[in-house]
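Inspection log for the structure reproduced underneath, given as structure tokens.
The values are calculated or read from the model by the stated rules, or taken from the named source; none is laboratory data. Here the structure is a predicted model, which means the values were calculated and not measured. No Cβ is skipped: glycine too gets one built from the backbone with ideal geometry, and neighbour counts run over all protein chains shown. When the accessible area is computed, the model is the full protein with side chains, heavy atoms only, and any ligands, DNA or RNA have been set aside. Shrake-Rupley method; radii C 1.70, N 1.55, O 1.52, S 1.80 Å.
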Amino acid sequence: MKDDISAPANMQDQQQAMLRRLARIEGQIRGIQAMIKRGEDCESIAQQFSASRSALDKAYRLLLTCLLEEALQDKEQDTTEALTRVREIFTKYT
């Protein structure tokens, strides 16, 4: 599958790419729900959980990349302040 979030041109492109990625993850979660309703075996469901978690983790890492880009592109913010902000957010949510 093509990775549609590689180097979007602008913020709107980044947002649209993230929304598409999250929609795919939502589809995976709905698939897990359907598997549970059908009574599929636990190992198959666990495999889909793992795939969904990996996809969500990747989306989160891409969001952190966006955070870094925003912090470093803000010309009004001191570099040290920007890095402190990124560090605080990264440690708070990771």
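Tabulated data for the structure shown
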item	result
Selection from the range 37-94 of residues that are within 14 Å of Arg21 (Cβ to Cβ) and either among the small types (Gly, Ala, Ser) or touching a strand residue (DSSP E or B) at 6+ places or on another chain (Cβ under 7 Å) (or both)	Ala51, Ser52, Ser54, Ala55, Ala59
Meets criteria (closer than 25 Å to Thr91 by Cβ, aliphatic (A, V, I, L, M) and at pLDDT 95 or above) for Leu22	yes
Flag for Leu67 being open to solvent by less than 90 Å² (accessible area, probe 1.4 Å) and not aromatic (Phe, Trp, Tyr)	yes
Selected residue (criterion: surrounded by the most Cβ atoms within 10 Å (Cβ to Cβ)) from residues of the range 16-64 that are more than 15 Å from the chain's Cα centre (by Cα) and of a type in the set (Asp, Glu)	Glu40
Tabulated pairs, the range 55-75, first over 14 Å from Gln15 (Cα atoms), second open to solvent by 70 Å² or more (accessible area, probe 1.4 Å) and outside any loop (DSSP other than H, G, I, E, B), C-beta under 8 angstrom, 6+ apart or interchain	Ala55/Arg24; Ala71/Leu83; Ala71/Arg85; Leu72/Thr79
Residue selected from the range 76-88 under the condition of a type in the set (D, E, K, R) and either at pLDDT below 80 or not in a loop (DSSP other than H, G, I, E, B) (or both), by the criterion farthest from Gln14 (Cα to Cα)	Glu81
